[in-house]
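For reference, the structure discussed in these notes is given below.
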Ligand SMILES: [Zn+2]
């Protein structure tokens, strides 16, 4: 078997890493007291990418069992793909919105998303149920690493959450509220509810943050809140247009 290419692991700050897991990011925070905090977990294991998240962890000298907390933005397969393995080996608590937890635990099927032109897209795939120990309803602050706000931003999925970490002046993890794959912030290609998405886009525009870390595309590492707010009228107009189609 040929040697696997090293994965792209970027240290964004002394306590913050970004893992490029093919087309999606996972993030890792380190706190001296609270340990290693994983944010999202990449896409499902594929034959061509065996143990992709474990390999990324290994590149910085960690193993899955070293993870202390897991935060999940939403239940789509490219964000929870390695959670079964990480949870089984680390027994780390998973913090996740209640509605999304139902999907991860396979109590309900994964809901489809709708493209900007209205077509439904089914994201579900064969997967193992993963137990969620910490179900979150509404907005709350997770009590580790100096405080991480769990900010409901429904729309992309109806339990979708963004995360605002209080360190470094406010680090925003958008999940799939927005993506940045084409040189400008855009909505994801598919969303469950564009009415909710529009409201969530506006809500995040009222937060203070810098940088803005996306799950897909390029992170915005400087002047992030200004860049986001400049993009906001265009994003809201796109969501509004999709509402009329949906
Ligand atoms: Zn998604």
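Projected over every direction and averaged, the convex hull enclosing the alpha-carbon atoms of the stretch 78-156 yields 6.2 nm².
With R₀ set to 35 Å, the beta-carbon distance separating residue 98 from residue 65 gives a calculated FRET efficiency near 0.80.
Expressed as a fraction of 2.2 N^0.38 Å, the rule-of-thumb size for a compact globular protein of N residues, what is the C-alpha radius of gyration of the stretch 1-158?
Working: Rg = 15.6 Å, N = 158, 2.2 N^0.38 = 15.1 Å.
Compactness ratio reported: 1.04.
When 19, 43 are arranged by Cβ crowding within 10 Å, least crowded first, meaning fewest neighbours, the order is 43, 19. Does a label point 7 Å from the Cα of residue 14, set along Cα-to-beta-carbon, have any residues of the stretch 161-181 with amide nitrogen under 18 Å, and which are they? Correct set: 166-171. For residue 244, put the label point 7 Å out on the Cα→Cβ axis and report which residues of the stretch 182-198 keep their amide N under 18 Å from it. Output list for this probe position: 194-198. Length available on full extension from residue 168 to residue 122: 0.36 nm per residue minus the Cα-Cα distance, which gives 12.8 nm. Beyond 24 Å, how much of the Cα-Cα pair distribution for the stretch 86-213 remains, as a whole percent? That fraction is 33 percent. Computed per residue of the chain from DSSP H runs no shorter than four, each worth -39500 (n - 2.57), the mean residue ellipticity at 222 nm is -7000 deg cm²/dmol.
Note on the stretch 122-163: Kirkwood radius taken over Cα pairs, Stokes-Einstein applied at 25 °C and 0.890 mPa s, translational D equal to 199 µm² s⁻¹. Computed extension gain for residue 218 through residue 158, at 0.36 nm per residue and net of the alpha carbon distance, reaches 19.2 nm. Would you mind pulling out the separation of the Cα centroids of the stretch 63-104 and the stretch 184-227, in Å? Centre-to-centre (Cα) distance: 22 Å.
Antiparallel versus total DSSP beta bridges in the chain: what percent is that, nearest 5? Mind dumping the intermediate values first?
Values: 34 of 46 bridges.
If I count the DSSP bridges inside the chain, around 75 percent turn out antiparallel.
Read-outs: derived from the displayed coordinates by stated rules, not from any lab. Since we're looking at a predicted model, the values are computed, not measured. When we count neighbours, we look across all protein chains shown, and the Cβ atoms used for this are built from the backbone with ideal geometry, even at glycine.
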